[in-house]
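Notes for the one structure printed next.
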Amino acid sequence: MEKSRNNKFNQETKIDIKYFLICGLGSLGQFCVKVFSEFNVPIIGIDIEQEVDWEIDGVSNLLTYFIVGDCRKTNILQKAKIQECRAILLVTNDEKVNIETAFAIRQINPYVRIVARSSKENLNELLSSSEFGLGNFIAYNQAEFSAEPFATRALGSENRGFIELDDWLLRVVKHQVQQGDAWCNRSLYELNIPDKRWLLTYTSAVEALPVNFYQWEQNIKTKDKDEIVYIEVIKERLADVLANERGKTLLQQKRRSLTGLNIFSSADNTKNKVLSFLQSPTKELRIFLYLFYSWVFLWLVGTILFIIVPIPDQKANLWGAIYASAVMLLGAYDGVFSNLQPSNFTRTFLLFINLLYMVFGIVVIAALNSKLTEYLLSSKLDLSVKREPIPKQGHVIVIGLGRVGQKIAEFLNMWKQPLIGLTDADLNENLLPSQIPLLEGYSLDSLTKANIATARGFIAATNDEILNLELGMIAHSQNKNIPIVIRTFDPRFSNYIQQHLPYAKVLCAYQISAEAFVAASFGENIKSLLRLNEQTVLVVDFTIQSGDTLAELSLAEITYGYGVAPIFYRSKRNNESRRLPSFSRTPRLQNGDCLTVLVNIEGLRKIEQGQRLLPRYKLYLDSIEVQEAAQRQNIIEDGKNLIYRFTDCKLELASKTMKNIPCELDFILYKHQGQSLVRELKKLNIIARLIALN
């Protein structure tokens, strides 16, 4: 985007800054090399291993220099020409190495852009701050970048991502038009609602997926099976939006959130726990059930016996018989036979029955004591987490709770989506919120217990891509309608799976994250990312600086020239903020202004290299369809303001053009910009048309 963020260092040292350095050539590092190659920049790689396992074909040939050594050592960094580096990516698998290397780099080059891989969010924020920081430094959690695309695809809905901007919540939606629905047989421009919803891409049923935004003709009418992608402003909180999609009412959401406080929720929760306990065919459960049934049976038998054969010297009555039978089962001999002497057969018989009841009572009490002791020890010593019961339906199953899996689970839990995690025995349960139920093991039996048949989505996110493939196929065999998301590492293997398993969505976490790390190396702030039309779309904050390729450009030039989608603008001069696109005229971007856009890696490359498409249309105004003088004068005034608002021309030019109709506006426009203006002019009874330039 800029000539160089390191201009100060360049001016002081007179060194040509051109290289991009990648420390750590594991999976993420190799994908970063591949993405950098699309920018045609020289790349230097450092890895501690001489024999790197090259997972991507040909990526080793994309490196200008490859250096073997410890990137924390000063001599290795100097060998890697860090004085001539524009940015350095620290993406080794060891976060301590990444942070230590960042400090080492600052001893040599105080200005170079550093992008580090680190999951320590508090440390990342401190190191990026001006008070404690490393200057031009930013750190990202790789797992967090990939978690949201995994989560949104598993939900199986039309949502492709959510963007939070100040007090606004935006939603990106991909919709397939169906015959007879509200989207069918409408012109594409009619789908836009000013300040509420705007169309990003359109794909007919027979066309390839578009690469950039706004590559559609405004007058085309939608047909059955066409696909549109749009972004809309929603007022609800993110959790409420997703809860509504599950068809849950507000009352049901409140009852679920007040579990333990609301009597109805408590009853439902207790019922689910009891049913879950009784349905689990464990040996421990069978023993306790046998003991309980036997205790009740002996209690009833004892009660009947004491009514038929009353205790000597006592009157037979029902409540006395119930009490005596229960006391015997609890082992309280003295409470029943304290004064009884075995002088006859009846007394001897009752003493024998009492002995049997006492022995059985001791066994039951011992079993209860053991269970109670186990519970107390687990509560006080093991600190095990009490978790919610397994959802019955409408939930997402997440298999593999490593770094990526945990972030996926946290995203779904934040969105109030019911889910269950399946993990191996090595997971520390305290790493996940207690609202997330867990099962151990990846077997078919575990999937059955997780209610795969009624689940809403399935994510296989373990660190073994073969296991993920196997689990995805098993899940599909159990539920044909469930969205299957499979995590992979090898791009070639990913392509094979996608071709042979069309029902699955295959995502490579490192490939998704690499584009964000590379974008950050050019000095931008990456807010989030999403998957759209089989490509990664970044939500990027551009802060305009002198020399940037976006400086002094209008929003139309940025939107249509670079094929990006601006969604938020903040002016440094008057602190004005505005949600975009908007029909209100926005000044050309100046130093310090902030612009948030949706952009893919191709659009970012065009911005970085200044490869902007130029406008090629002019507006010709034919006539005003009103003859009455006073009304005509009002139309001229309104038309002048409309042209000024829709274009970047001067107000004097707009006024001159309107007063000399028929005539041509001496200002070049982009096609979308001009078509929108023609329609708005027609509402004022001004007939205009676009003329393409040769």
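The values are calculated or read from the model by the stated rules, or taken from the named source; none is laboratory data. Computed from a prediction, not measured in an experiment: that's the story for all the values here. All Cβ positions, even for glycine, are placed from backbone atoms using ideal geometry, and neighbour counts span all protein chains on display.
The table below lists the values:
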{"quantity": "Answer from PRO587, PRO581 - the residue that is within 19 Å of LYS527 (Cβ to Cβ) and outside the structural domain of SER676 (by TED's automatic domain parsing)", "calculated": "PRO581"}
{"quantity": "Strands (runs of 3 or more DSSP E) lying entirely in the range 384-476 (those with 3 or more residues that are touching a residue at least 24 places away in the same chain (Cβ under 8 Å))", "calculated": "396-399, 419-423, 457-460"}
{"quantity": "Residue count, the range 359-414 (criterion: surrounded by fewer than 13 Cβ atoms within 10 Å (Cβ to Cβ), modelled with pLDDT of 85 or more and touching an Asp or Glu at 6+ places or on another chain (Cβ under 9 Å))", "calculated": "0"}
{"quantity": "All positions within the range 107-120 that are over 13 Å from LEU90 (Cα atoms) and either basic (Lys, Arg) or at pLDDT 95 or above (or both)", "calculated": "LYS120"}
{"quantity": "Matching residues in the range 513-561 - criterion: being assigned to a helix (DSSP H, G or I), among the aromatic types (Phe, Trp, Tyr) and under 22 Å from ILE114 (Cβ atoms)", "calculated": "PHE517"}
{"quantity": "Residue that is nearest to ASN98 (Cα to Cα), among those in the range 31-70 that are aromatic (Phe, Trp, Tyr) and without any contact (Cβ under 8 Å) to a residue 60 or more places away in the chain", "calculated": "PHE66"}
{"quantity": "Subset tally (residues that are loosely packed, with under 15 Cβ neighbours inside 10 Å and closer than 30 Å to THR559 by Cβ) for the range 625-640", "calculated": "1"}
{"quantity": "Selection count, the range 141-188, where residues are of a type outside the set (Asp, Glu), more than 30 Å from THR92 (Cβ to Cβ) and touching a residue at least 60 places away in the same chain (Cβ under 8 Å)", "calculated": "14"}
{"quantity": "Residue under evaluation LYS79, criteria (1) free of Cβ contacts under 8 Å to residues at least 24 places away in the same chain; (2) over 20 Å from ILE99 (Cα atoms), criterion not met", "calculated": "(2)"}
{"quantity": "Near pairs, Cβ below 7 angstrom, 6+ apart or cross-chain, from the range 218-234 (of a type in the set (S, T, N, Q)) to any residue that is in a loop (DSSP other than H, G, I, E, B)", "calculated": "THR222/VAL177; THR222/TRP183; THR222/CYS184; THR222/ASN185; THR222/ARG186"}
{"quantity": "Boolean, GLY133 is over 27 Å from the mean Cα position of the chain (by Cα) and either at positive phi or not assigned by TED's automatic domain parsing to the domain that holds PRO566 (or both)", "calculated": "yes"}
{"quantity": "Residue within the range 545-555 that is modelled with pLDDT under 90, out of contact with any His (no Cβ under 8 Å at 6 or more places or on another chain) and among the aliphatic types (A, V, I, L, M) present", "calculated": "yes"}
{"quantity": "Number of the condition not met by PHE162 [criteria: (1) of a type outside the set (Gly, Ala, Ser); (2) closer than 30 Å to PHE489 by Cα; (3) in a helix (DSSP H, G or I)]", "calculated": "(3)"}
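Residue-wise test of (1) outside the structural domain of LEU530 (by TED's automatic domain parsing); (2) modelled with pLDDT of 90 or more; (3) small (Gly, Ala, Ser); (4) loosely packed, with under 14 Cβ neighbours inside 10 Å.
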| residue | (1), (2), (3), (4) |
| --- | --- |
| ALA425 | yes, no, yes, yes |
| ASN428 | yes, no, no, yes |
| PRO433 | yes, no, no, yes |
| LYS449 | yes, yes, no, no |
| ALA453 | yes, yes, yes, yes |
| ASN468 | yes, yes, no, no |
| ILE484 | yes, yes, no, no |
| GLN499 | yes, no, no, yes |
| LYS505 | yes, yes, no, no |
